[in-house]
């Protein structure tokens, strides 16, 4: 008897009834708004402190705001103050940041105050890191701790998922990024129910976080670059060349990361490693200029205002210096994320391509450079594609980036990430 060899369809997980999802709405809204408010509080406090450190204080002392001397003093002082917190404050500001990524990690409550403090100090002091990783960790820790106290009947795994999504929504000003990241994280895992059942609570939290940020701060990642019209053949060729080239450059930093981390790890004490790291960052800032300091979003907006104001050589120097600064800052012990500095690096790289070949549109160069750099540094495909796409207000850029991501992904997949195991070896 002939056997039926037709492929069998995988069973579709049953959808959850509405009554199972309704209890998630209120916790998701509370976590979403709370996560956004904490992010905005830390960001605004850091911005005000940054203004004092880099404007008021040097003016009062009669020193140039971004002189070589002031860069060395401020970055070294930031390393000293962060080192003191890591050394003396209970919880030591959490584990080695080189071992952490965007994934939600529930830290004990005793760690969270110190982690918040070093994040604000880092953002104000000038190291090339963003707020995303530590803010996610703090929001996850708070949500889990307070959620278990307020609603012990809800599953403990719910709170980290809500806080992770809420913080991503607050950071990017849209819940789309959170939905993409969670969908990527769920890929290959057994799901309890349909995909949208699993996304229901986190998506509400992300939307609440994004809406709160949008109402209070009105953030935007749009750089104001010229919008793309119909995709041209030169645009496609440029994107296919720039994205893999940026990915290769990013992979060079990823390869160097364990060795740079090993150098600072051998220094042993945070009161040695962080001040030394801060001094090195000061030297890099003196080489690359003031635009290579801080997390990079305000600085990349300044680049985008007039892409022709800098030469290809200047863009190349800023690209190399910012990439080195990101590697050193992440390796020496500063708490921070790598997405926003990578946006600056990729943008400078793309604008360098435009300066070398004027036929390359600035918008194409920027989005392709950011895409390739983020793929190499974060290994998060959806985050890389989404972040690059929102930099330019043009629907056609999605198709261009989707095609350019393919050769770039082939270069980075299966290779080490800019994240280490506890023993200092690179994750893949």
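With respect to residue 144, determine if the residue is at pLDDT 85 or above, in a helix (DSSP H, G or I) and surrounded by fewer than 24 Cβ atoms within 10 Å (Cβ to Cβ).
On the way: at pLDDT 85 or above: yes; in a helix (DSSP H, G or I): yes; surrounded by fewer than 24 Cβ atoms within 10 Å (Cβ to Cβ): yes.
Judged against the criteria, residue 144 is a match.
Residues checked against (1) more than 24 Å from residue 395 (Cβ to Cβ); (2) assigned to a helix (DSSP H, G or I); (3) at pLDDT 95 or above; (4) in the same structural domain as residue 86 (by TED's automatic domain parsing):
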residue	(1), (2), (3), (4)
188	yes, no, no, yes
192	yes, no, no, yes
209	yes, yes, no, yes
222	no, no, no, no
237	no, yes, no, no
246	no, yes, yes, no
274	yes, yes, yes, no
279	yes, yes, yes, no
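Assess whether residue 350 counts as being within 18 Å of residue 71 (Cα to Cα), touching a residue at least 12 places away in the same chain (Cβ under 8 Å), in a helix (DSSP H, G or I) and touching a helix residue (DSSP H, G or I) at 6+ places or on another chain (Cβ under 9 Å). Spelling it out, it is not the case that residue 350 is within 18 Å of residue 71 (Cα to Cα), touching a residue at least 12 places away in the same chain (Cβ under 8 Å), in a helix (DSSP H, G or I) and touching a helix residue (DSSP H, G or I) at 6+ places or on another chain (Cβ under 9 Å).
Residues of region 118-131 that are closer than 13 Å to residue 38 by Cβ and assigned to a helix (DSSP H, G or I): 119, 120. Inspect region 362-373 for any residue being surrounded by fewer than 24 Cβ atoms within 10 Å (Cβ to Cβ) and either outside the structural domain of residue 120 (by TED's automatic domain parsing) or free of Cβ contacts under 8 Å to residues at least 24 places away in the same chain (or both) and give the result as yes or no. Within region 362-373 (the criterion being surrounded by fewer than 24 Cβ atoms within 10 Å (Cβ to Cβ) and either outside the structural domain of residue 120 (by TED's automatic domain parsing) or free of Cβ contacts under 8 Å to residues at least 24 places away in the same chain (or both)), the answer is yes, since at least one residue qualifies. Residue count for region 80-111, restricted to those that are assigned to a helix (DSSP H, G or I) and either over 20 Å from residue 271 (Cα atoms) or not assigned by TED's automatic domain parsing to the domain that holds residue 144 (or both): 2. Taken over region 284-313, the criterion of being surrounded by fewer than 19 Cβ atoms within 10 Å (Cβ to Cβ), farther than 21 Å from residue 392 by Cα and either in contact with a strand residue (DSSP E or B) (Cβ under 8 Å, 6 or more places away or on another chain) or touching a residue at least 40 places away in the same chain (Cβ under 8 Å) (or both) is satisfied by 289, 290, 311, 312.
Listed here are the residues, each with its yes/no results for (1) under 27 Å from residue 305 (Cβ atoms); (2) at pLDDT 85 or above; (3) crowded, with 19+ Cβ neighbours inside 10 Å.
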| position | (1), (2), (3) |
| --- | --- |
| 379 | no, yes, yes |
| 385 | yes, yes, yes |
| 395 | yes, no, no |
| 400 | yes, yes, yes |
| 406 | no, yes, no |
| 415 | no, yes, no |
| 420 | no, yes, yes |
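Number of residues in region 61-94 that are surrounded by fewer than 16 Cβ atoms within 10 Å (Cβ to Cβ) and under 30 Å from residue 160 (Cβ atoms) equals 3.
Can you tell which of 316, 330, 353, 320 is farther than 30 Å from residue 276 by Cα and assigned by TED's automatic domain parsing to the domain that holds residue 237? Steps first, answer last, please.
Details: 316 fails: farther than 30 Å from residue 276 by Cα; 330 fails: farther than 30 Å from residue 276 by Cα; 320 fails: farther than 30 Å from residue 276 by Cα.
Checking each option against the conditions leaves just 353.
Each residue in region 392-421 was checked for being in contact with a helix residue (DSSP H, G or I) (Cβ under 6 Å, 6 or more places away or on another chain) and either under 22 Å from residue 263 (Cα atoms) or not in a helix (DSSP H, G or I) (or both), and 4 pass.
The values are calculated or read from the model by the stated rules, or taken from the named source; none is laboratory data. Because the structure is a prediction, the values reported are computed rather than measured. For neighbour counting, all protein chains shown are included, and Cβ atoms are generated from backbone atoms with ideal geometry for every residue, glycine included.
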